[in-house]
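A short worksheet on the structure shown next.
The values are calculated or read from the model by the stated rules, or taken from the named source; none is laboratory data. Because the structure is a prediction, the values reported are computed rather than measured. No Cβ is skipped: glycine too gets one built from the backbone with ideal geometry, and neighbour counts run over all protein chains shown.
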Amino acid sequence: MLPKLFFGYFAAMITILSLLAITRKNLVHGIMWMLLLFVHIGGLYLFLNAEFIAAIQIIVYAGAILVLFLFVVLLLNVKEEFKGRRFISSWQGRGFVAAALLLGIMLVLQYAVIAPHGKYSIEYIQSETHTKVLGTVLFNEYVFPFMILALVLFVPMIAAVVLAVKGRKA
Amino acid sequence: MDFVMTLAIIAIKITVVFGIVLFHVAYATYFERKIIGRMQARYGPMEVGPHGLLQPVADMIKLFFKEDIIPASADRPLFYIAPAIVVISAMTALSVLPFFDGFVIADINIGLLFLLVITSLSVYGIVIAGWSSNSKYSFLGGLRSAAQLISYEIAMGLSLVGVMLMAGSLNLSDIVRAQHQHPLGMFAFPQFLGFFVFVVAAFAETNRAPFDLPEAESELVAGYFTEYSGFRFAFFFLGEYVAMLTMSAVAALCFLGGWTIPMFMTNAMPFLSYVPGIIWFLVKVYAFMFFYYWIRATLPRYRYDQLMAIGWKVLMPLAFVNVLITAFVKRWL
């Protein structure tokens, strides 16, 4: 009962907060609701016994990415929402896209199969601590994807540096 | 019944820690003024009580009875929330600090990461305070502070990675125990690079001299809290001093051995082992706080580009080198 109550709280809050975050006219207010949203997502991870992911969720998303968003919003000084022509103006078109997406998700869920339990049971993770288990899996079984991910993140960093250097007069 | 007992014990612990920390904040301001006064060859506060000992009480009464002024064009909800974010984030960090063996409010596996989480959230209080005041000085102070805090956060996180590697744990109590087992007794010796980076980053993270650019009075009046007065201003003040005490405690726990002293010292002088752990912990925290004041009385403020250059071009590479060396030594030696 209690776990369901917790999950219900987090699910409801995440939905409400994301709606609040995207509907605010004031962008700074939107970002503050998003901060609360990220904290709730972190709470959901904690609830799933993933304390390391919860901490990283807040450090990376709330502590770094969202602060940069805030920085951009403050520097551009956009107090009001950007008003331009809508790309798709008919509500029928929007409704159709939403219905198609919902149908697609429903169809996919029909074929979902619950994966067999591996050796990483909750008891095992609790005894070994989540950080250690995650590190062991990540750096033994998934080293190659990890390296590819590092490369994928490294490329835009070079691009950003190139763009910054190009704009500077020698 | 068991559950209620656990809750009651936690509540008592929180009250005790809260009271002690508030007392320390009050007298940290007193000693700051006294020590800086002595360093400048004057007395510091002398009027209220013997040697000015009641000065913090007088200050508190003054701050709480001052008129609470809110700028007419301020963004009210965020203006109200900002000081609360600063104080709450500073106070939450106290919950994972072990003050002596076995006394910690929340003994969690990811204690050190939790501290980084809290420091990353405290940025919001400052930026939002700067933005919602709707004043140029506050706004510039808030922006400076955001850039400074997220730059030095990286260096601080990396400097603590060396400690995590040496201790093999993120739990602060385990880190202290690992230091006690180490032949040198303190990670400050093998991790001297990490300790240096941590100390500089800790000064920058708490907005203290010589990195107090967000509140540089000659340029920005008072930075992000220019428009705040009365008890809202007191909240920022409280948040800053609690953050300083937390940083001192983290330095004591991660680098200076926490509530333990090196084994070679207890072997040489066995009577030292009868001193309770809390005394050692407090001595280390006070020494670090004194260091804060000493630096403030000694060094002038950095220029903004110098601050950024130190953070990104000196501290971050140093921290990386420290992580690489520590990992290498841990793996192959």
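Couple of notes before you dig in:
- Scanning the range B:215-224 finds no residues that are surrounded by 22 or more Cβ atoms within 10 Å (Cβ to Cβ) and within 30 Å of A:Lys132 (Cα to Cα).
- Scanning the range A:144-170 for residues being at pLDDT 90 or above and of a type in the set (Val, Ile, Thr) gives a total of 4.
- Checked against the criterion of being more than 24 Å from B:Asp107 (Cβ to Cβ), crowded, with 16+ Cβ neighbours inside 10 Å and out of contact with any strand residue (DSSP E or B) (no Cβ under 8 Å at 6 or more places or on another chain), the candidates B:Leu307, B:Leu256 yield just one match: B:Leu307.
- Failed condition for B:Pro276, given (1) in contact with a helix residue (DSSP H, G or I) (Cβ under 9 Å, 6 or more places away or on another chain); (2) farther than 22 Å from B:Ala147 by Cα: (1)
- Residue within the range B:320-329 that is out of contact with any helix residue (DSSP H, G or I) (no Cβ under 7 Å at 6 or more places or on another chain), buried (at least 17 other Cβ atoms within 10 Å of the Cβ), under 21 Å from B:Leu193 (Cβ atoms) and not acidic (Asp, Glu) present: no
- Answer residue from the range A:122-170, given it is over 24 Å from A:Ala55 (Cα atoms) and part of a loop (DSSP other than H, G, I, E, B) and is nearest to the other protein chains (Cβ to nearest Cβ) among those: A:Arg168
- Helices (runs of 4 or more DSSP H) (entirely within the range B:171-274) containing at least 2 residues that are among the aliphatic types (A, V, I, L, M) and modelled with pLDDT under 80: B:263-268
- Test: residue in the range B:165-177 that is of a type in the set (Lys, Arg) and within 13 Å of another protein chain (Cβ to nearest Cβ): no
- Every condition in (1) assigned to a helix (DSSP H, G or I); (2) closer than 30 Å to B:Leu113 by Cβ; (3) charged (D, E, K, R) holds for A:Lys119 except the one numbered (1).
- B:Ala129 more than 13 Å from chain A (Cβ to nearest Cβ), crowded, with 23+ Cβ neighbours inside 10 Å and in a helix (DSSP H, G or I): no
- Residue-level analysis places B:Val48 among those that are touching a Leu at 6+ places or on another chain (Cβ under 7 Å), of a type outside the set (Phe, Trp, Tyr) and free of Cβ contacts under 8 Å to residues at least 24 places away in the same chain.
- Scanning the range B:132-163 for residues that are of a type in the set (Ser, Thr, Tyr) and surrounded by 22 or more Cβ atoms within 10 Å (Cβ to Cβ), we see that the one that is farthest from the other protein chains (Cβ to nearest Cβ) is B:Ser159.
- Some residue of the range B:109-124 being part of a loop (DSSP other than H, G, I, E, B), within 23 Å of the chain's Cα centre (by Cα), under 28 Å from B:Lys284 (Cα atoms) and within 13 Å of another protein chain (Cβ to nearest Cβ): yes
- Here A:Ile16 meets the list (1) farther than 30 Å from A:Leu74 by Cα; (2) modelled with pLDDT of 85 or more; (3) surrounded by fewer than 18 Cβ atoms within 10 Å (Cβ to Cβ) almost entirely, failing just condition (1).
- Scanning the range B:268-313 for residues that are out of contact with any Phe, Trp or Tyr (no Cβ under 6 Å at 6 or more places or on another chain), under 24 Å from B:Pro183 (Cβ atoms) and free of Cβ contacts under 8 Å to residues at least 24 places away in the same chain yields a count of 11.
- Filter result for B:Thr326 (without any contact (Cβ under 8 Å) to a residue 12 or more places away in the chain and either closer than 25 Å to B:Asn171 by Cβ or not in a helix (DSSP H, G or I) (or both)): no
- Taking the criterion of being out of contact with any Phe, Trp or Tyr (no Cβ under 9 Å at 6 or more places or on another chain) and more than 8 Å from every other protein chain (Cβ to nearest Cβ), the residues of the range A:46-64 that qualify are A:Leu46, A:Leu48, A:Asn49, A:Ala50, A:Val60.
- Selection count, the range B:27-54, where residues are modelled with pLDDT under 85 and crowded, with 16+ Cβ neighbours inside 10 Å: 3
- Options B:Arg42, B:Arg33; residue that is within 29 Å of B:Pro300 (Cα to Cα), not aliphatic (A, V, I, L, M) and not in a loop (DSSP other than H, G, I, E, B): B:Arg33
- Qualifying residue in the range A:79-91 (condition: modelled with pLDDT under 80, within 14 Å of chain B (Cβ to nearest Cβ) and closer than 30 Å to B:Leu143 by Cα): yes
- Test for B:Val86: is it buried (at least 20 other Cβ atoms within 10 Å of the Cβ), more than 10 Å from chain A (Cβ to nearest Cβ) and farther than 21 Å from B:Asn207 by Cβ: no
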